[in-house]
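Nothing in this text is a laboratory measurement; each read-out follows from the coordinates by a stated rule. In this text, all values refer to a predicted model and were calculated from it rather than measured experimentally. Every residue, glycine among them, receives a Cβ derived from its backbone with ideal geometry; neighbour counts consider all protein chains shown.
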Amino acid sequence: MVVSLAEPKAKPTASIVMTADVERYAEKANRIVIRHELGKVLGVIEIVSPGNKDSAHVLRTFVEKTAELLFEGINLLVVDPFPPGPRDPQGIHALIWSEITDHSFKLPTGLPLTIVSYQTEPTKTAYVEPISVGVALPTMPLFLEGDFYVDLPLELTYQETWNALPLLLRQLVE
């Protein structure tokens with residue numbers, strides 16, 4: 001029997017068909033990559049999505065990929081606007097940091113969300129800002145090389161983006 005991959009076949013059938021949208025949503029995660037003009041990746045801004053925390057497998061993959069970026073010398077800013085859950089009881093940063101060092105991280109009481117800037121050189125360092133809903137987003141450093149960084153005014157950026165959204169979209173979110 002000869003099978004041609006060029007011709008699409010009808011989808012197979014079964015009594016029960018189950019799909020997992022989790023990985024599809026995690027793949028749509030918000031990530032901005034900052035490159036040197038010659039193409040080298042200097043930094044990454046990662047905004048955690050609900051899909052990143054939706055299953056143990058997806059969360060583990062996210063944490064491992066993030067730690068891998070840090071070990072490759074790529075600086076990182078991680079914005080985690082979602083509260084810790086059973087898979088990340090101390091938040092995403094605690095899981096990422098446990099891949100880097102044996103020093104643990106515990107969230108302060110009443111501040112369940114985190115924004116973390118990771119500097120890879122000269123020493124791997126985490127600049128952690130615990131926040132909560134209703135608190136203005138901080139200005140955070142995004143390290144590019146060594147001790148050189150740019151400040152990212154997260155609250156101003158959020159407010160300007162929100163104000164630029166069409167009214168219909170803002171009403172849907174509200």
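Please report, largest first and rounded to whole Å, the three semi-axes of the ellipsoid equivalent to region 76-133, where each semi-axis is the square root of five times an eigenvalue of the C-alpha gyration tensor.
Gyration-tensor ellipsoid for region 76-133: 19, 13, 9 Å.
Electrostatic bookkeeping for Pro138 treats Lys and Arg as +1 and Asp and Glu as -1; over the other residues with beta carbon under 9 Å from its beta carbon, the sum is -2. Evaluate the Debye formula for region 24-173 with equal point scatterers sitting on the alpha carbons, no solvent, and hand back log10 of I(q)/I(0) at q = 0.10, 0.12, 0.21 Å⁻¹, in q order, two decimals. Rounded to two decimals, the profile gives -0.36, -0.52, -1.50.
About the centre of its Cα atoms, region 24-173 shows a dipole size close to 520 debye [charges on the beta carbon of Lys, Arg (+1) and Asp, Glu (-1) only; nearest 20 debye].
Ordered by the number of other Cβ atoms lying within 10 Å of each residue's own Cβ, fewest first, Glu37, Glu46 fall into the sequence Glu37, Glu46.
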